[in-house]
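One structure is given below, encoded as structure tokens.
Just so you know, all these numbers are worked out from the coordinates, no wet-lab data involved. None of the values given here were measured: they were computed from a predicted structure. Virtual Cβ from ideal backbone geometry, glycine too; neighbours counted across all protein chains shown.
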Amino acid sequence: MIEEMEAMQDGSPTVDTPPVATIRPSGRFKGMTRGDAAYQVLKENGLKMTVRSIVDALKAEGFKSEAKHPTDSMRAAMRRDRRFTRLEPFGAWGLVEWEGRFAEDGTPVQEPVAITK
């Protein structure tokens, strides 16, 4: 080990140093909770979505779920999270911060504005 350190100081090649691997996350939602990832998808789309469409959007971006039933797991996570609201009667979900954007029947009252990346 001392020889390797001395070799590094004088600029001579080191002894069999393996290359450093670049690890890339498997999607931009890696490491996020289900709630945080769903919030991000809804916020970026600016539109109400069903739980199935949220899960599909997350899968397309590389979000991995260990749940046996990812849609049911996502629905449960969204029910517990106060950032989400269910827009009846269509089964679509939205964000509480969108209050007033949709009428009681689920039709848009205002034109949604998606956040650009």
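Using alpha-carbon pairs under 8 Å, 6+ residues apart, how would you state the relative contact order of the range 26-98 in percent?
Values: 79 pairs, mean separation 27.1, N = 73.
So the answer I get is 37 percent.
Report Rg/Rh for the range 26-98, rounded to two decimals, where Rg is the Cα radius of gyration and Rh the Kirkwood radius.
Values: Rg = 11.2 Å, Rh = 12.1 Å.
That ratio is 0.93, to two decimals.
Take each of the peptides 76-84, 45-53, average the number of other beta-carbon atoms within 10 Å over its residues, and list them starting from the highest. Each step should come with its number before you reach the end.
On the way: 76-84: 14.4, 45-53: 16.9.
Per-residue mean Cβ counts within 10 Å order the peptides as 45-53, 76-84.
Round to the nearest 0.05 the FRET efficiency obtained for GLU99 and GLU44 when R0 = 22 Å and r is the Cβ-Cβ distance. List each step's numbers first, then the result.
Values: r = 19 Å, r/R0 = 0.86.
Efficiency, rounded to the nearest 0.05: 0.70.
Please give, to one decimal in nm, the separation of the simple spin-label points placed at ASP36 and ARG83, each 7 Å out from Cα toward the Cβ.
Those two pseudo-labels are separated by 0.9 nm.
Give me, ordered by chain and number, the residues 5 or more places off THR50 or on other chains with an amide H under 5 Å from its own placed amide H.
TRP93
For the residues VAL96, VAL41, VAL55, what sequence is obtained by ranking on other C-beta atoms within 10 Å, fewest first?
Listed from fewest to most nearby Cβ atoms, that is VAL96, VAL41, VAL55.
With a 10 Å Cβ neighbour count serving as the proxy for reagent exposure, in which order, fewest first, do PHE63, PHE29 appear?
Details: PHE63 24, PHE29 21.
Lowest to highest Cβ neighbour count: PHE29, PHE63.
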